[in-house]
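J.: Mind having a look at this structure? Questions to follow.
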Amino acid sequence: MTRLVSVALTLLAFVLFFAPGNLRAQIVEGSIVGVVTDPSGAAVAGSPVIATNVETGVVSKTTTTSIGYYQFPELPFGTYTVAVEQRGFQRAVTAPLVLHSGDKLRVDIALAMGTTTQSIQVTAAAPLVNATTTELGTVFESREISELPFNGRTFTEILSLEPGWNVGSVSAQTGGCH
């Protein structure tokens, strides 16, 4: 009996040690990163950067680094605007950006010379190609899923819509047994 308890405790310790990385399999946050520059392309250090969730009004704040880099690493999905204010420059505000779960949007902002009472609208959108990470992903809206003609609505049929995904044959899904 004590041998069984020691094996069970060892197995439990093993699972608890290696499982935490796998426990967070669902990503519900996204991130926004970028660089703030002046009209000559030089980095603007120490600039306050504000990301505002348009739907909820929740504000997140950060400051640019010495190389003008800023990041909002764990933002809940939603629609955001990013604003930058720095003395001697016009206030810059991006157009609304849609952030999905797992996205890492890169939004670089170039400030224009002027006073802080002036404001410019940054109309550059996040690029369609994500150069900040090698991950691939697709967000399917619930309406899209409910309108698709699936036979049985299994998740593998939905995954087959993802570029580069191969569901495989029926025998591959069942381990070769029928």
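Here's the yes/no breakdown for (1) at pLDDT 90 or above; (2) within 24 Å of the chain's Cα centre (by Cα); (3) surrounded by 15 or more Cβ atoms within 10 Å (Cβ to Cβ):
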{"site": "R3", "(1), (2), (3)": "no, no, no"}
{"site": "A51", "(1), (2), (3)": "yes, yes, yes"}
{"site": "E55", "(1), (2), (3)": "yes, yes, no"}
{"site": "V58", "(1), (2), (3)": "yes, yes, no"}
{"site": "T65", "(1), (2), (3)": "yes, yes, yes"}
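J.: List the number of the failed condition for L97; all other conditions in (1) at negative phi; (2) within 18 Å of the chain's Cα centre (by Cα); (3) without any contact (Cβ under 8 Å) to a residue 60 or more places away in the chain hold.
T.: Looking at each condition in turn, L97 falls short on (3).
The values are calculated or read from the model by the stated rules, or taken from the named source; none is laboratory data. Remember, predicted model here, so these are calculated numbers, not experimental data. Glycine also receives a Cβ, built like all others from the backbone with ideal geometry; neighbour counts cover every protein chain displayed.
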